[in-house]
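See structure below.
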Amino acid sequence: MASHFSLSGVISRRSFIRGGVAASAALALAGCGQPGSNQPGSSDATSTSDSSSTSGSSEVAKISFVLDYTPNTNHTGIYVAQSKGFFAEEGLDVEIVQPPEDGADALIGAGGAQMGVSYQDVMANSLSSDQPMPYTAVAAIIQHNTSGIMSRAADGITRPKLMENHTYATWDQPVEQATIKDVVEADGGDFSRVSLVPYNVDDEVSGLKANMFDTVWVYEGWAVQNAKVQNYDVNYFSFISIDDVFDYYTPVIAANDDFAKANPDLVKAFLRAAKRGYEYAVEDPDDAAEVLCTAVPELDADLVHASQNYLATQYIADASSWGVIDSARWAKFYQWLNDQNLVENKLDVNRGFDLSYLEA
């Protein structure tokens, strides 16, 4: 999702199952929030927050929570829970850290962070390996896959078949290209007529403006909102509108297995607070956006507010409550990976998540 960890650029979803880590959002500079607020760290699992206010009590439990990338609106509920005191009310001192170069998953699996952000597709890479990492998804951050294909409006690419005879910016990953092939052919198109070019920009809108590619995989909650903020006309169609097999969970909150088994009440407490944070972001997205801007002043305020208002409709969407994972949807995507031979070993399609820590 490349160098991902500087706020000086934008972040995109760049790698998939065999590539390691996947990206979810892009960050742009524009002076969001107050100068002098906490600065996010760099690539070495550095803290993005000061949680010392509760650390003096022997009753407080410390949890290290690693983000998947630099802070963005996927993470707003965590920042709200911290800013509004929801974690403190649960007796938790939560340190938000950025991932090391080998990614959040490796840090969670190794126990360097007790909990953090991952993705169902990225977790498949570990679950299918000979030595899977000991971590498990315990809540969904966003209820549906909100990614798809964005293109210049002037090109008229309103459906997958129309990607024929146009360029697509690829990260050269098996799952990525299999997904594009699937949706193009499901729409009656010929994938061989889609010209693949290297994805070598950090900002999808800028890449489209510069004619570096005609189509690109993006997240509606960030890149499409970025186009709107820039008043740049684009077309966009989602993958789940083409085939619901792609309605997998991206992103999720994951917990280290040893930590969760030894401290189930702490995982439950964390999720109770996080749930309140995301529910707050649903109810008051503009104030939640301000919380994120205050914590991370480097972010583009207009983009954060636009993204937050979009994601307010997506954190829970049509689910019964925040965080739930539909076992049938989880299994359907993993079965697709098995059928496409995109994983090292066949996946147990019902493995990788545990909702016993999430309270209704």
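The values are calculated or read from the model by the stated rules, or taken from the named source; none is laboratory data. Predicted model only: the values in this text are computed from it and were never measured. Here Cβ is always computed from backbone atoms with ideal geometry, including for glycine, and neighbour counts include all displayed protein chains.
Restricting the first member to region 186-199 and to residues that are of a type outside the set (A, V, I, L, M, F, W, C), and the second to residues that are surrounded by fewer than 14 Cβ atoms within 10 Å (Cβ to Cβ) and modelled with pLDDT under 95, the beta-carbon pairs closer than 8 Å and six or more apart or on different chains are Pro198/Asp172.
Residue count for region 262-293 satisfying the condition of being in contact with a Ser or Thr (Cβ under 7 Å, 6 or more places away or on another chain) and either under 19 Å from Val66 (Cα atoms) or basic (Lys, Arg) (or both): 2.
With the requirement that a residue be part of a loop (DSSP other than H, G, I, E, B) and at negative phi, what does region 96-118 give you? Once the filter is applied, which keeps residues that are part of a loop (DSSP other than H, G, I, E, B) and at negative phi, region 96-118 yields Gln98, Pro99, Pro100, Glu101, Asp102, Gly112, Ala113, Gln114.
In region 312-321, the condition of being within 17 Å of Asn226 (Cα to Cα) and either part of a helix (DSSP H, G or I) or of a type in the set (Gly, Ala, Ser) (or both) is met by at least one residue.
Taking region 292-302 as the range and being more than 19 Å from the chain's Cα centre (by Cα) and part of a helix (DSSP H, G or I) as the test, the residues that pass are Thr294, Ala301, Asp302. Within the option set Asp50, Asp93, being surrounded by fewer than 22 Cβ atoms within 10 Å (Cβ to Cβ), at pLDDT below 50 and not in a helix (DSSP H, G or I) holds for one residue only, Asp50. The set of residues in region 322-360 that are surrounded by 13 or more Cβ atoms within 10 Å (Cβ to Cβ), small (Gly, Ala, Ser) and not in a loop (DSSP other than H, G, I, E, B) comprises Gly323, Ala331.
Taken as a whole, the condition of being modelled with pLDDT of 95 or more, over 27 Å from Ala288 (Cβ atoms) and among the aromatic types (Phe, Trp, Tyr) applies to Phe333. If the condition is being of a type in the set (A, V, I, L, M) and crowded, with 22+ Cβ neighbours inside 10 Å, then region 195-215 contributes Val205, Leu208.
Taking the listed residues Ala104, Ala137, the one that is in contact with a strand residue (DSSP E or B) (Cβ under 6 Å, 6 or more places away or on another chain), within 25 Å of Gln335 (Cβ to Cβ) and of a type outside the set (D, E, K, R) is Ala137, with no other qualifying. The selection criterion, being within 20 Å of Tyr248 (Cβ to Cβ) and of a type outside the set (Val, Ile, Thr), does not hold for Ser64. Scan region 230-249 residue by residue and report those that are aliphatic (A, V, I, L, M) and modelled with pLDDT of 95 or more. Selection gives Val234, Ile240, Val245.
Would you confirm whether or not region 221-231 contains a residue that is in contact with an Asp or Glu (Cβ under 7 Å, 6 or more places away or on another chain), over 21 Å from His166 (Cβ atoms) and either among the polar types (S, T, N, Q) or surrounded by fewer than 20 Cβ atoms within 10 Å (Cβ to Cβ) (or both)? Within region 221-231, one or more residues are in contact with an Asp or Glu (Cβ under 7 Å, 6 or more places away or on another chain), over 21 Å from His166 (Cβ atoms) and either among the polar types (S, T, N, Q) or surrounded by fewer than 20 Cβ atoms within 10 Å (Cβ to Cβ) (or both).
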